[in-house]
1. Looking at this structure, is residue 153 part of a strand (DSSP E or B) and of a type outside the set (A, V, I, L, M, F, W, C)?
2. Could you tell me whether any residue of the stretch 87-107 is part of a loop (DSSP other than H, G, I, E, B) and open to solvent by 80 Å² or more (accessible area, probe 1.4 Å)?
3. Given the criteria outside any helix (DSSP H, G or I), closer than 23 Å to residue 166 by Cα, without any contact (Cβ under 8 Å) to a residue 24 or more places away in the chain and of a type outside the set (Val, Ile, Thr), does residue 205 qualify?
4. I'm trying to understand the selection: among the residues of the stretch 169-198, which are over 14 Å from residue 246 (Cα atoms) and modelled with pLDDT under 95?
5. Look at the stretch 129-142 and say how many of its residues are out of contact with any helix residue (DSSP H, G or I) (no Cβ under 8 Å at 6 or more places or on another chain), open to solvent by 40 Å² or more (accessible area, probe 1.4 Å) and either assigned to a helix (DSSP H, G or I) or touching a residue at least 40 places away in the same chain (Cβ under 8 Å) (or both).
6. Does residue 198 satisfy being in contact (Cβ under 8 Å) with a residue 24 or more places away in the chain and within 26 Å of the chain's Cα centre (by Cα)?
7. Any idea which of 43, 52, 83 is out of contact with any Gly (no Cβ under 7 Å at 6 or more places or on another chain) and assigned to a loop (DSSP other than H, G, I, E, B)?
Amino acid sequence: MTRHFDDLQLGSLELFCLAADTGSFTAAANEAGVTPAAVSRSVARLEERLGVRLFVRTTRHMRLSEAGLAYYQQCRQALGQLVEAERQVAGGQLEPSGRLRISAPTPYAHHRLLPLLPRFRELYPQVQIDVHVSNRNVDFADEPFDLAIRGREPADSRLVARRLEDAELVVVATPGYLARAGVPQVPEDLLRHECIQFELPSSGRRPPWSFRQDGRQLELETHGSFTCQGDFLATATLVRHGAGLMQAYRFTVQDALERGELVEVLRDFGGTSRPFMLIYPQARHMPLRVRVLIDFLFSGASLGQARTVAGLPTRP
């Protein structure tokens, strides 16, 4: 059989993928235990062999070229398959390792995901985790993410979506605001109140508030003087300081409800929820570090820990 790669070329592929993963020759060198010049030479060898530029570099930034991105995706998958083959042949003795990138919206990141990650690192100390905390939808085709958590299923059929939980919605305000403005008795009363708004980054739309009335779901357009963009948790800060009413995920305000800083209203019209989905590209050979995090997030122990941190019952 004709050899297509020698040991030097395989090493160059690994350093190229590491540079793409970290976005820097220096960071890749630090992680690989070599010099930045060695990483640069490896990439240069690949560019000369392929006849294309793999990176677009400026004085301040470095990103994959269009050809580089296509090459990276194939190389990363191929290297992952090699690691997986070794793991299977070795009887599963290889430890999950490498850098893992996950994107999560602000409420779920702060109240669910981040509290779990130290325990995950205790179990898998060779895995490094980059957490992208934002309500912006990420593009797996153009951005190097392994996993994302979002509030709806993706339209792209090439992505897998698994439901992490249905998060209960509640309407809350401070006792001071309610004493000043009155307590709403039915959802329509909200039309006479200050209702704090959140604008979705993906569409610029302000989602309606959701209620259950007479056995059916009611969507109500509310209005108010405050609109938050980008960070959903900003609405929780406003409501805690008496700016008005807010429909929030229960897990983001549970502590304030228990301390009496906030009061839940319209209980008789509650019971609605919104899902949180774990999303990732379909892959025949998934890196072990990604698979163990997926298993960890869906394990009963981790779900129970997340709910305990949020002050919720430990049932999944």
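The values are calculated or read from the model by the stated rules, or taken from the named source; none is laboratory data. Since we're looking at a predicted model, the values are computed, not measured. A quick note on method: Cβ atoms are made from the backbone with ideal geometry, for glycine too, and the neighbour counts reach across all protein chains shown. Ligands, DNA and RNA are excluded from the accessible area calculation, which covers all protein heavy atoms including side chains. Shrake-Rupley method; radii C 1.70, N 1.55, O 1.52, S 1.80 Å.
1. So residue 153 does not fit the description; no.
2. yes
3. So residue 205 fits the description; yes.
4. Correct list: empty.
5. 2
6. Yes; evaluated as a whole, the condition is true for this residue.
7. Exactly one of 43, 52, 83 is out of contact with any Gly (no Cβ under 7 Å at 6 or more places or on another chain) and assigned to a loop (DSSP other than H, G, I, E, B), namely 52.
To keep it simple, each residue is scored yes or no on (1) open to solvent by less than 60 Å² (accessible area, probe 1.4 Å); (2) at pLDDT 95 or above; (3) under 30 Å from residue 96 (Cα atoms); (4) of a type in the set (D, E, K, R).
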position	(1), (2), (3), (4)
200	yes, no, no, no
205	no, no, no, yes
226	no, yes, no, no
282	no, no, yes, no
302	yes, no, yes, no
311	yes, no, no, no
